[in-house]
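Worksheet: one structure, shown below.
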Amino acid sequence: RQRAMEIGLTTGNYSRLACEIQFVRSMGYYLIQIYIPSGLIVIISWVSFWLNRNATPARVALGVTTVLTMTTLMSSTNAALPKISYVKSIDVYLGTCFVMVFASLLEYATVGYMAKRIQMRKNRFLAIQKIAEQKKAGMDTAHAPPPGPPGEGDHAPKQTVRIKDHDPKPHSRTGTLENTVRGRPDEEAGAPAPQHLIHPAKDMNKLFGITASDIDKYSRIMFPVCFICFNLMYWIIYLHISDVVAEDLVLLEV
């Protein structure tokens, strides 16, 4: 808008031509070229959370590709904009998208590290258990009774010993203990069945209380929720600031 006005000064009255120029940035171009592509790149990086954690080539290739694509988009955007020293709103959005994409790549590195640690711990436990079973088998062989004379066999007479033990104490329970031993002393008659010598103190599939698959399950929820919350905050603040007129600008009266 422009209009002519007359200004009175100490030296006289002078005519002045006033011009008001209002710049409005078109959001359509930036939405199509920058905001929507960067958001889609972030969403594509979440696909790796649904892939099998053993599919290392697929997940690594997807993570590296999204990171490089996001880097290229940031470089091309900054090259097309004026070189300024302060941080722009679009820099905040692109920087957050880059952090989200890079975090998805680090998530798979964490999953691979935990899976490797869990497998190493399971292998170590199985090796220790195998050694313990071998030692137990050797002890059982050492305590086995020696073989009898050649003349003895299944037709040899078997010895039978019956022992009756009455509890002499009047206040104790009355009863009769009767043990029957056939063929050898009753030293191992009441021995319990052999048990495993080593039991895992905790679940072998967990490290720090969680499994490698749990990280993928949590990431499927946490990453989208964080990105949605960021977009809500970003656009609310951005649209609010866009409606506020800068204090250093003076609008001309009609």
Next on the checklist: When you scan region 6-25, do you find a residue that is closer than 29 Å to Phe223 by Cα, hydrophobic (A, V, I, L, M, F, W, C) and exposed (fewer than 14 other Cβ atoms within 10 Å of the Cβ), even just one?
Outcome noted: no
Item to check | Condition met for Leu40 (within 28 Å of the chain's Cα centre (by Cα) and part of a helix (DSSP H, G or I)) | outcome: yes
Checklist outcome for this item: Of the residues in region 31-49, those that are under 20 Å from Lys217 (Cα atoms) and touching a helix residue (DSSP H, G or I) at 6+ places or on another chain (Cβ under 7 Å) number 7
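Conditions tested, residue by residue: (1) within 30 Å of the chain's Cα centre (by Cα); (2) without any contact (Cβ under 8 Å) to a residue 24 or more places away in the chain; (3) in a loop (DSSP other than H, G, I, E, B).
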position	(1), (2), (3)
Ser75	no, yes, no
Ile84	no, yes, yes
Val87	no, yes, yes
Phe98	yes, no, no
Leu106	yes, yes, no
Ala109	yes, yes, no
Checklist entry - Restricting to region 13-42, what's the tally of residues that are more than 19 Å from Asn78 (Cα to Cα) and among the polar types (S, T, N, Q)? => result 3
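Mind telling me which of the residues Tyr93, Tyr113, Tyr108 ends up being among the aromatic types (Phe, Trp, Tyr), exposed (fewer than 13 other Cβ atoms within 10 Å of the Cβ) and modelled with pLDDT of 75 or more?
Of Tyr93, Tyr113, Tyr108, the one residue that is among the aromatic types (Phe, Trp, Tyr), exposed (fewer than 13 other Cβ atoms within 10 Å of the Cβ) and modelled with pLDDT of 75 or more is Tyr113.
The values are calculated or read from the model by the stated rules, or taken from the named source; none is laboratory data. What you see is a predicted model, and the numbers here were worked out from it, not measured in a lab. Cβ sites come from the backbone with ideal geometry, for glycine too, and all protein chains shown count toward neighbours.
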